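For reference, the structure discussed in these notes is given below.
Read the figures in this text as sums done on the coordinates, not as results from a lab. Quick caveat, the model's predicted, so the values are computed rather than measured. Counting neighbours? That spans all protein chains shown, and the Cβs are built from the backbone with ideal geometry, glycine included.
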Amino acid sequence: MKASKMSRVVFLSDANQRGILFGGKLMAWMDEVAGVAAKRFACREVATAAVERMQFYKPIPVGTFLDVTGEVVSVGNTSMKVRVSVTADGPESGDGDILMAEALFIYVAVDDEGRPVRIERKL
């Protein structure tokens, strides 16, 4: 199974006037990771088709270290679902990670003209 992971730190330029990460910025990072996982799995170009169950659990302040992880969890004929989780570490978490957000992204495998094509690989 193919997965993708990236780490980020939240900078002032990523945050609103209260010093909290913009939700749209986090969603962009999640989409990026999900897209890499989907493309690795399908071995071809993919396109975001939908986002299901996007949930933000806690505000993410400037200075937070985040891990964004995406993993293909199901595959259809032309589409796949990628679960993305965002965890943070910090003084309050000790050695553990805190789940900050998660979502389920749906991707479609596409050909050179952007038309859906069959995914040959299965879980």
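The table below lists the values:
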{"item": "Residue ID - surrounded by the most Cβ atoms within 10 Å (Cβ to Cβ), chosen from residues in region 1-28 that are among the small types (Gly, Ala, Ser) and closer than 17 Å to GLU102 by Cα", "result": "SER4"}
{"item": "Residue among THR48, THR64 that is hydroxyl-bearing (Ser, Thr, Tyr), closer than 21 Å to PRO116 by Cα, surrounded by 14 or more Cβ atoms within 10 Å (Cβ to Cβ) and touching a residue at least 24 places away in the same chain (Cβ under 8 Å)", "result": "THR48"}
